[in-house]
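The values are calculated or read from the model by the stated rules, or taken from the named source; none is laboratory data. None of the values given here were measured: they were computed from a predicted structure. Note that each Cβ is placed from the backbone with ideal geometry, even for glycine, and that neighbours are counted across all protein chains shown. Areas reflect the complete protein model, heavy atoms only, side chains present, ligands, DNA and RNA absent. Shrake-Rupley method; radii C 1.70, N 1.55, O 1.52, S 1.80 Å.
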Amino acid sequence: MMEKTYKETKMDSNIHIFETPEQTAHAVAELILATAKEKNKLSLPFNVALSGGNTPKLLFTILANEYADSIPWHFVRLFWVDERCMPPTHAESNFGMTYESLLKNVPIHDSNIFRMLGEVDSEKEAKRYQTLLEAQLPLKNGLPRFDLILLGMGDDGHTASIFPNNMSLLHSDSAVAVSTHPVSGQKRITLTGNIINNAEKVVFLITGSSKSSVLQQIIHRKQSFKDFPTSYIHAHSLPADFYLDKAAAMEL
Ligand code: 6PG
């Protein structure tokens, strides 16, 4: 296992703060390694849902460069938290980014990769993905249960593709739904609140000063916190872990 050469500041047991985005991503990589090994020991698959956007690129690159040999990839099964409705070759595809930064560089088998298809009819794809999750994952509380869901947070407090103008997706009866980005109008496919909160572990990886104001409202339950989808996950998952760099945490 990699030696930890950096200092973690803990605000409380679920908030982990590191000096830099690199150190923050390394800490999440260590968590993924440890959980994958635990599952491996028990001969259980490790079912993970990944987010897209910019922040996880660094984590994926670190996983590819430093963990290609140590993570038991044959036990890891990858799913997606959300996808932009476009082909996997498009620059904005979450799968495309993950493929380029991680998947093509580690020994994971194609049959362990369950991507959301951004290139087909979005409503049909949301239904297909829901059926797939029900078939591939253990059920708890009548819902598919991931071992780990990796989330990010937008500057507007959105998480997955659940935006502040569509908070009803937090309580949707469907595990997977279609949403629309409030500014660009881009269609997305996304996991909804109930399935996210049903996961064994929910981890937010959030870096950068542009997130700091919204983050402090969410963590301290102040001001407009109720308007941010991330607050709901923070309050209802059991309990979510936040991996933050100093810049994102500066107002906490
Ligand atoms: C996406 C996401 C989304 C993301 C946040 C943060 O497809 O964009 O999965 O929920 O995690 O928007 O994105 P950044 O890391 O780019 O700030």
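For the subset of segment 197-252 comprising residues that are part of a strand (DSSP E or B) and of a type in the set (D, E), which member is surrounded by the fewest Cβ atoms within 10 Å (Cβ to Cβ)?
Start the filter on segment 197-252 by keeping residues that are part of a strand (DSSP E or B), which leaves 201-206, 241-245.
Cutting the leftovers down to of a type in the set (D, E) gives us 241, 245.
On the way: D241: 18, D245: 24.
Checked segment 197-252; the qualifying residue surrounded by the fewest Cβ atoms within 10 Å (Cβ to Cβ) is D241.
Among the residues of segment 30-43, how many are in contact (Cβ under 8 Å) with a residue 60 or more places away in the chain and either open to solvent by less than 10 Å² (accessible area, probe 1.4 Å) or closer than 18 Å to N112 by Cα (or both)?
Step one: list which residues in segment 30-43 are in contact (Cβ under 8 Å) with a residue 60 or more places away in the chain, which gives 31-32, 35, 39.
Filter once more, so that each one left must be either open to solvent by less than 10 Å² (accessible area, probe 1.4 Å) or closer than 18 Å to N112 by Cα (or both): 32, 35, 39.
Total meeting the criteria: 3.
Where the second residue is of a type in the set (K, R) and the first is under 15 Å from T192 (Cβ atoms) and lies in segment 127-149, which pairs have Cβ atoms under 9 Å and are six or more apart or on separate chains?
So the pair list comes out as L137/R77; L137/R145; F146/K201; I149/K201.
Return yes or no: is N65 of a type in the set (S, T, N, Q) and more than 16 Å from the ligand (Cβ to nearest atom)? Break it down into steps so the answer makes sense when it comes.
Details: of a type in the set (S, T, N, Q): yes; more than 16 Å from the ligand (Cβ to nearest atom): yes.
Yes.
If E66 passes every condition in (1) under 13 Å from the mean Cα position of the chain (by Cα); (2) of a type outside the set (K, R); (3) open to solvent by 20 Å² or more (accessible area, probe 1.4 Å) but one, which one does it miss?
Among (1) under 13 Å from the mean Cα position of the chain (by Cα); (2) of a type outside the set (K, R); (3) open to solvent by 20 Å² or more (accessible area, probe 1.4 Å), E66 violates only (1).
Quick one: is A27 in contact (Cβ under 8 Å) with a residue 60 or more places away in the chain and not charged (D, E, K, R)?
Working: in contact (Cβ under 8 Å) with a residue 60 or more places away in the chain: yes; not charged (D, E, K, R): yes.
So A27 passes the test.
Of all the residues that make up segment 85-120, how many are hydroxyl-bearing (S, T, Y), in a helix (DSSP H, G or I) and within 15 Å of the ligand (Cβ to nearest atom)? Give the steps one after another, and end with the answer.
First pass over segment 85-120, keeping only residues hydroxyl-bearing (S, T, Y): 89, 93, 98-99, 101, 111.
In the following step, the residues that additionally are in a helix (DSSP H, G or I) were identified as 98-99, 101, 111.
Keeping just the survivors that are within 15 Å of the ligand (Cβ to nearest atom) gives 98-99, 101.
Final tally of qualifying residues: 3.
Within the bounds of segment 115-137, is there any residue that is open to solvent by 30 Å² or more (accessible area, probe 1.4 Å), touching a strand residue (DSSP E or B) at 6+ places or on another chain (Cβ under 6 Å) and among the hydrophobic types (A, V, I, L, M, F, W, C)?
no
For the list (1) touching a residue at least 24 places away in the same chain (Cβ under 8 Å); (2) away from the ligand (no atom under 13 Å from the Cβ); (3) assigned to a helix (DSSP H, G or I), I need the number of the one condition that A177 fails.
The single condition A177 does not satisfy is (3).
Which residues, taken from segment 180-202, are within 14 Å of the ligand (Cβ to nearest atom), touching a residue at least 60 places away in the same chain (Cβ under 8 Å) and hydrophobic (A, V, I, L, M, F, W, C)?
If the condition is that a residue be within 14 Å of the ligand (Cβ to nearest atom), touching a residue at least 60 places away in the same chain (Cβ under 8 Å) and hydrophobic (A, V, I, L, M, F, W, C), then I189, L191, I196 are the ones that fit.
Restricting attention to segment 242-249, does a residue exist that is at pLDDT 95 or above, among the hydroxyl-bearing types (S, T, Y) and at negative phi? Talk me through it step by step, then tell me what you get.
Initial filter on segment 242-249 (at pLDDT 95 or above): 242-249.
In the following step, the residues that additionally are among the hydroxyl-bearing types (S, T, Y) were identified as 243.
If we keep only those that are at negative phi as well, we get 243.
Yes, that holds for at least one residue.
Test I233 against the criterion of being at pLDDT below 95, more than 10 Å from the ligand (Cβ to nearest atom) and of a type in the set (A, V, I, L, M), and give yes or no.
Values: at pLDDT below 95: yes; more than 10 Å from the ligand (Cβ to nearest atom): yes; of a type in the set (A, V, I, L, M): yes.
Yes.
Kindly evaluate V81 against the criterion of being under 20 Å from I32 (Cβ atoms), within 13 Å of the ligand (Cβ to nearest atom) and open to solvent by less than 10 Å² (accessible area, probe 1.4 Å). So that I can check it myself, show each step before the final result.
Numbers: under 20 Å from I32 (Cβ atoms): yes; within 13 Å of the ligand (Cβ to nearest atom): yes; open to solvent by less than 10 Å² (accessible area, probe 1.4 Å): yes.
Against the criterion (under 20 Å from I32 (Cβ atoms), within 13 Å of the ligand (Cβ to nearest atom) and open to solvent by less than 10 Å² (accessible area, probe 1.4 Å)), V81 qualifies.
Scan segment 129-137 and tell me whether some residue there is part of a helix (DSSP H, G or I) and of a type in the set (F, W, Y). Spell out the reasoning first.
Within segment 129-137, the subset part of a helix (DSSP H, G or I) is 129-136.
With of a type in the set (F, W, Y) added as a condition, the list becomes 129.
The answer is yes, given that some residue of segment 129-137 is part of a helix (DSSP H, G or I) and of a type in the set (F, W, Y).
Go through segment 30-62 and count every residue that is away from the ligand (no atom under 16 Å from the Cβ), within 30 Å of H158 (Cα to Cα) and among the small types (G, A, S). Before the answer, list the steps.
First, pick out the residues of segment 30-62 that are away from the ligand (no atom under 16 Å from the Cβ): 30-47.
Narrowing the set further to residues that are within 30 Å of H158 (Cα to Cα) leaves 30-36, 45-47.
Now drop any that are not among the small types (G, A, S), which leaves 34, 36.
Matching residues across segment 30-62 total 2.
Checking the structure you have, find out if any residue of segment 152-169 is open to solvent by 30 Å² or more (accessible area, probe 1.4 Å), away from the ligand (no atom under 11 Å from the Cβ), in contact (Cβ under 8 Å) with a residue 24 or more places away in the chain and among the hydrophobic types (A, V, I, L, M, F, W, C). Walk me through it before giving the result.
Step one: list which residues in segment 152-169 are open to solvent by 30 Å² or more (accessible area, probe 1.4 Å), which gives 155-156, 158, 164-168.
Then keep just the ones that are away from the ligand (no atom under 11 Å from the Cβ); that gives 164-168.
Next cut, in contact (Cβ under 8 Å) with a residue 24 or more places away in the chain only: 164, 167.
After this cut, where a residue has to be among the hydrophobic types (A, V, I, L, M, F, W, C) as well, the list is 167.
Looking through segment 152-169, at least one residue is open to solvent by 30 Å² or more (accessible area, probe 1.4 Å), away from the ligand (no atom under 11 Å from the Cβ), in contact (Cβ under 8 Å) with a residue 24 or more places away in the chain and among the hydrophobic types (A, V, I, L, M, F, W, C).
Before we move on, is R128 out of contact with any helix residue (DSSP H, G or I) (no Cβ under 7 Å at 6 or more places or on another chain), away from the ligand (no atom under 16 Å from the Cβ) and not aromatic (F, W, Y)? Quick ask: steps written out before the conclusion?
Details: out of contact with any helix residue (DSSP H, G or I) (no Cβ under 7 Å at 6 or more places or on another chain): yes; away from the ligand (no atom under 16 Å from the Cβ): yes; not aromatic (F, W, Y): yes.
Taking the combined requirement at face value, the residue satisfies it.
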